[in-house]
Amino acid sequence: MTWHCSSSRLRLVVLTLKAVWLCALFSGLLVPLRGWAEQPFVDSKDRVPVQGNPNKDPRYIENAIKAVSIVGWGGPFQFDTDLSAETPSGSIFIERAAVHLDEDPLVVSSIVLDAVFRSSELARAMVTKMNRPGAYTYYIGPGGYIYPTLISETTAPVVCATLRKAIERERTNAIAARNTSIGLLVWYIGARSPVQVKLPSRTGLDAFAATEQSIIVEARRILSSSAFMRIREAQAAGKGVIVRINGRLIQYEPSAPCSGMTLFGENGFLLGREAFRSEAEVVKTLLHELHRLTTSVVQSEGVTMATVHSETQAAKVFADRAVKAVLEGKRQ
């Protein structure tokens, strides 16, 4: 028997065979992909509707972020979307560990689910269900913007490139500051010995150890300084300011949604708007940050979750105990 086949029919047969071969090759991939888009694997109530790809949406961080910076030295990243005011409003703070700048895990393998989930928890649960190397999706995060579950060169190239420049500038400034600090230290040692400060008898410090007493005294001096008055004035005006008091860098950031944040690299701390809810909260925040700077072993032994938890708890307990001693000392 002789078979007759036109060239167009032959091409169709070849294409069909290729399609069958590709389906067999990637069958392990295509089946899960169909499952991600169907119920009940993805519940529609968990998602936020968007037009087209989430990374094209104006709310996506790569499209919405207008400027990035670093809070203090060694602090978190700050994302700003509105630069019309003198002080950016609605700043977003992202921990450094949440951004993959040194190594992009998605370079070797990446697969994306183009859906936007209502929270990071829902999105990350979906990534776990996808169970694929390099899998990621999107969610609504701080500020109401759209974030990928993994921020890297693949998902936010412009943001990552700008953050690298900010880190380069931070490192340059840190080297300059370190050299200046060394010079000042040499001058200080050569000029005179430290002056001992005797505590007045009526200080209410008898219940505290020597290190704790020094922290309380330092907190009192900070509160009574003219430089801290500048912070109070900036807070009242809704503006940011950076001052140095007795060698400590203290930064007030009105958009920071916290009471305080330790800046080990700068031997100081950041004060957020929550610190000024009351005078007692101001004092507790100072005591908390000074206790961490004075007693922490993070710089010498490294950071672990257990260390961070124990030091934070110890600082909180101390601040609650010492707040009365500081307030009474201010009135004397």
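Does Val127 satisfy the criteria of being touching a residue at least 12 places away in the same chain (Cβ under 8 Å) and farther than 16 Å from Tyr60 by Cα? In short, yes. Of the residues making up segment 222-231, those that are part of a helix (DSSP H, G or I) and either surrounded by 13 or more Cβ atoms within 10 Å (Cβ to Cβ) or in contact with a helix residue (DSSP H, G or I) (Cβ under 8 Å, 6 or more places away or on another chain) (or both) are Ile222, Leu223, Ser224, Ala227, Phe228, Arg230, Ile231. I'd like to check something: does segment 33-41 contain any residue that is in contact with a helix residue (DSSP H, G or I) (Cβ under 6 Å, 6 or more places away or on another chain), at pLDDT below 85 and not assigned by TED's automatic domain parsing to the domain that holds Pro257? Checking segment 33-41: at least one residue is in contact with a helix residue (DSSP H, G or I) (Cβ under 6 Å, 6 or more places away or on another chain), at pLDDT below 85 and not assigned by TED's automatic domain parsing to the domain that holds Pro257.
Only strands (runs of 3 or more DSSP E) whose full extent lies in segment 232-332 are considered here, and the ones with at least 1 residues that are crowded, with 20+ Cβ neighbours inside 10 Å and assigned by TED's automatic domain parsing to the domain that holds Ala209 are 248-252, 260-263, 268-271.
For the criterion of being modelled with pLDDT under 80, among the basic types (Lys, Arg) and under 30 Å from Val99 (Cα atoms), Arg192 fails.
Does segment 141-150 include one or more residues that are exposed (fewer than 13 other Cβ atoms within 10 Å of the Cβ), assigned to a helix (DSSP H, G or I) and either at pLDDT 90 or above or not assigned by TED's automatic domain parsing to the domain that holds Val116 (or both)? There is at least one residue in segment 141-150 that is exposed (fewer than 13 other Cβ atoms within 10 Å of the Cβ), assigned to a helix (DSSP H, G or I) and either at pLDDT 90 or above or not assigned by TED's automatic domain parsing to the domain that holds Val116 (or both).
The values are calculated or read from the model by the stated rules, or taken from the named source; none is laboratory data. Everything numeric here is computed off the predicted structure, so don't read it as measured data. Positions of Cβ are generated from backbone atoms using ideal geometry, with glycine treated the same way; all protein chains shown enter the neighbour counts.
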